[in-house]
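In what follows, a single structure is set out as structure tokens and then discussed.
The values are calculated or read from the model by the stated rules, or taken from the named source; none is laboratory data. Quick caveat, the model's predicted, so the values are computed rather than measured. As a convention, Cβ positions derive from the backbone with ideal geometry for all residues, glycine included, and neighbour counts pool all protein chains shown. When the accessible area is computed, the model is the full protein with side chains, heavy atoms only, and any ligands, DNA or RNA have been set aside. Shrake-Rupley method; radii C 1.70, N 1.55, O 1.52, S 1.80 Å.
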Amino acid sequence: LVIAWRGGPYFVVLVDLLLVLAMVELLRLQRAKSLAPDAGIAYAAALLLPWSMYFQHGARLDLVLAALIIAASLRLLRRGEAAHSMASLGATLFAVLYVGWMGAHLVRLRELPLVFGRDPAEGFRFVLLAFLFTWVSDTAAYLFGTLFGRHRLAPRISPGKSLEGGIAALWCTGLVGGIAALTFMRPFFAPFV
């Protein structure tokens, strides 16, 4: 939180670290399902996309993303694994987009006030809100799912998840969003509240 409040390149380095850790986990899960993602491209996405989002407010993000997709395709052709090439490319592109591209939006949230000529420190509020939503959603789903969960959401994919936990996560996150709109996010939601 201190680094998110400070912002700038420090925050981009933190996001890089978080995305690399997330990429390690995703690649491990993909390999456990017998997929063969290109780890080099995946880690390059985790490191490069946040920086491309930081410089010039993401003006070159599409160029970096396109370069990563082309590089993934070319590297796959060089591997010569025709039997599993599309599955490997799909796993790589999913990792690039799900972890790299979506994760880079944390930097975009932090830098968003600059786009509108506002105080850059206000970007911390957006990042804090994203973290709060994640923490509240996960905690509510776990607690309510453990205490009241009777109906399995997707037993073949994640047997521990329940419909009751999912509903609690949505409800509690909405409640926190409402509280945030009335308190520390009020300057941004004033026209709507």
Looking at Val12, Val24 in this structure, which one is part of a helix (DSSP H, G or I), open to solvent by less than 80 Å² (accessible area, probe 1.4 Å) and over 17 Å from Ala91 (Cβ atoms)? Val12
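Where in region 87-193 are there helices (runs of 4 or more DSSP H), lying fully within it, with 2 or more residues that are open to solvent by 90 Å² or more (accessible area, probe 1.4 Å) and among the aromatic types (Phe, Trp, Tyr)? Break it down into steps so the answer makes sense when it comes.
Details: elements: 102-115, 123-148, 163-182, 186-189.
Qualifying helices (runs of 4 or more DSSP H): 123-148.
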Scanning for something of a type in the set (D, E, K, R), farther than 23 Å from Val127 by Cα and in contact (Cβ under 8 Å) with a residue 24 or more places away in the chain, does region 25-35 turn up at least one residue? no
Ala66 passes all but one of (1) part of a helix (DSSP H, G or I); (2) more than 18 Å from the chain's Cα centre (by Cα); (3) within 30 Å of Val2 (Cα to Cα); (4) not β-branched (Val, Ile, Thr); which number fails? (3)
State yes or no: is Ala45 outside any loop (DSSP other than H, G, I, E, B), surrounded by 17 or more Cβ atoms within 10 Å (Cβ to Cβ) and free of Cβ contacts under 8 Å to residues at least 60 places away in the same chain? yes
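Given Ser73, Ser34, which one is assigned to a helix (DSSP H, G or I), surrounded by fewer than 18 Cβ atoms within 10 Å (Cβ to Cβ) and among the polar types (S, T, N, Q)?
Details: Ser34 fails: assigned to a helix (DSSP H, G or I).
After ruling out the rest, the residue left standing is Ser73.
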